[in-house]
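Single-structure report; data block below.
Each value in this text was obtained by applying a stated rule to the coordinates, not by laboratory testing. Since the model is a prediction, treat every value here as computed from it, not as a measurement. When we count neighbours, we look across all protein chains shown, and the Cβ atoms used for this are built from the backbone with ideal geometry, even at glycine.
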Amino acid sequence: MLDEYFHAIPWLNQILRISPYVTLAWVRSAPSNRIINRFNSHSELTIGGEQLLSERIRTIRVLIAGSKSPIAFVTAAILILSMFLDSVTLIWMVGSFSAVFGLGARPLIRDYLHGIGYIFENEFTAGEKIQLPGLYPVEGMVEANCL
């Protein structure tokens, strides 16, 4: 009886097929305090033999927590599209989108990766005076290390 009802309303059947993926992505993107607290328990965190400052540890925590949400929702979107599209079409769509996004957002991605490099290389500390060379040199104090 319930099966007949679902077939009578086709959009309800599709919503019921999609909802587990969206729910799992939403649950996965929620802040995982357990992982962050486990990361906090390592107060003596070192990279390259040097102990990291609390600002850097906080920045790394935010970086890890912030990367979970986009990954969860992109995975859910690909799984949902795979229910309605042929696998070859889906591979072409994902490949084309990745190429266009990679070419269009190259400066943004490059700056983001350079920022991650600065965090892990421990080049600047909060309160340090720096000078950035260029056509118009900039000089100032580092207030915080974050992306």
If packing is taken as the mean number of other Cβ atoms within 10 Å per residue, what is the order of 63-75, 129-141, highest first? 63-75, 129-141
Segment V74-V88, length gained on full extension (0.36 nm per residue, minus Cα span): 3.2 nm
Work out how much length E139 to S98 would gain on full extension: take 0.36 nm times their residue separation and subtract the Cα-Cα distance, in nm to one decimal. 11.0 nm
Computed from every Cα-Cα pair in segment 71-139, P(r) in 5 Å bins starting at 0 and rounded to whole percents is 3, 12, 12, 16, 15, 10, 9, 8, 7, 5, 4, 0
